[in-house]
Each structure stands twice: as structure tokens, then as C-alpha cells.
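Every read-out reported here was derived from the displayed coordinates using simple, explicitly stated rules and does not represent laboratory data. Keep in mind the model is a prediction, meaning the values are calculated, not measured. Here the Cβ positions follow ideal geometry from the backbone for every residue, glycine too, while neighbour counts run over all protein chains shown.
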Amino acid sequence: MMHVILRTWDNRRLVAPNSTLLSEVVTNYSRTDPTMLAPVFVTITYESDVDKAMEIMLDEAKRHPDCLPIGDLPNVVVMEYSERGINLRLLSRAKDQPTAFMMIRDLLYTIKKRFDEEGIALAPPRTYITFDQQTRAQIIEIAEQIMSEMRNEPAKA
């Protein structure tokens, strides 16, 4: 045998040469502790209430039947400010990888429903276009002409 075939949690097969397995440290995290961290990432608008969003995410995690509270988990933190909005991360724990996968999907759904109820907006992709002064003046002039023409145009039945 020149290699070992390893099957991953998602049923993919990895081919590892024996020389790699003999020369590298291999850590099997699931042998003694099969639990898995379950991160949920959301981006909310800058106009949204960040504290309320974090409270909702934490509440939904605590309510989930597969969430395993341990230490300071579950918890929610602000990860960064991006051009889209405020990136939040909920980190919780599940009994194993398949359970974590399903829990993440459930939490994304329930968090979105609660955000809708509480007026927290998920941030869509945004593109900001800037113009030099001359181009900006031309755009304003064209817009004013269009608005003027629209005001003078007779109403259509």
C-alpha cells in the first residue's frame, strides 16, 4: 500500500500518501470529543440595532434543542464592519458534525424570521459609485431636465 484513503464527514474521499502520514502529526479531534463548533454568520445593515440583533441570535441558539451550552457558548460577537454592514458571528456547539450542519441551517432560518419581526435588516450587497465634480454636475443637470419634462407632460389615461 502506497496510500491511505480517508473518508470525510461529507463522504468525500481523501487520498493521503503513507509518507505524509508517517512524517506529519495527525490529530483526530473526533475520537475523544465528537462535538463540533457551529458558527453562524450574518451581516446586518448599519441602520439596524446591533444589540437587539445579537440578543436575538443568542436567544435563538439557546432555544435550539441541539445546542450544547458549554463555557461561554453560545455567544455572539461583532466580527467586522464591512462595506455591506456589520458582520456578526454566533458561535455555538453541537454533539457532532451532522447535527452542527442541521443546527446552522435551522438557526439561519429562525434568526431571519426573528429579524423580520423585530425590524433588523440583513445587509444586501452594496456598490457605491462616485463621480468627479464635472460628471456629477452633468448627471444632476440631466436629472433636472427629466424631472422638468415629467412635470410638463400631460397625464396619460
- Item | Per residue convex hull volume, Cα atoms of region 85-124, in Å³ | 80
- Estimated dipole of the chain in Debye, rounded to 20 [Cβ of Lys and Arg +1, of Asp and Glu -1, Cα centre]: 800
- Task: Determine how many Å³ per residue the convex hull of the Cα atoms of region 19-63 encloses.
- Result: 126
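Show me the chymotrypsin sites (Phe, Trp or Tyr not before Pro) within region 1-79 that DSSP assigns to loop and that have at most 10 other Cβ atoms within 10 Å of their Cβ.
Numbers: sites: TRP9, TYR29, PHE41, TYR46; in loops: TRP9, TYR46.
Sites meeting the loop and neighbour criteria: none at all.
What order, most packed first, do the peptides 76-87, 118-129, 50-61 have when packing is the mean number of other Cβ atoms within 10 Å of each residue?
Working: 76-87: 14.4, 118-129: 11.3, 50-61: 19.0.
Answer by packing, highest mean first, reads 50-61, 76-87, 118-129.
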- Query: So what's the net charge close to GLY71: Lys and Arg +1, Asp and Glu -1, counting the other residues with Cβ under 15 Å from its Cβ?
  - Reply: 0
- Query: So what is the relative contact order for the chain, in percent, with contacts set as C-alpha pairs under 8 Å and at least six apart?
  - Reply: 24
- Determine, for each peptide in 15-24, 90-99, the mean count of other beta carbons within 10 angstrom over its residues, then list the peptides with the highest first. 90-99, 15-24
- Translational D in µm²/s for region 28-118 (Stokes-Einstein at 37 °C, 0.692 mPa s, Kirkwood Rh from C-alpha pairs): 243
- Message: If you consider only alpha-carbon coordinates, what radius of gyration and Dmax does the chain have, in Å?
- Response: 25.5, 85
- Item | Span-like helix ranges in the chain, DSSP H, alpha carbon extent 15 angstrom or more, Kyte mean at least 0.5 | none
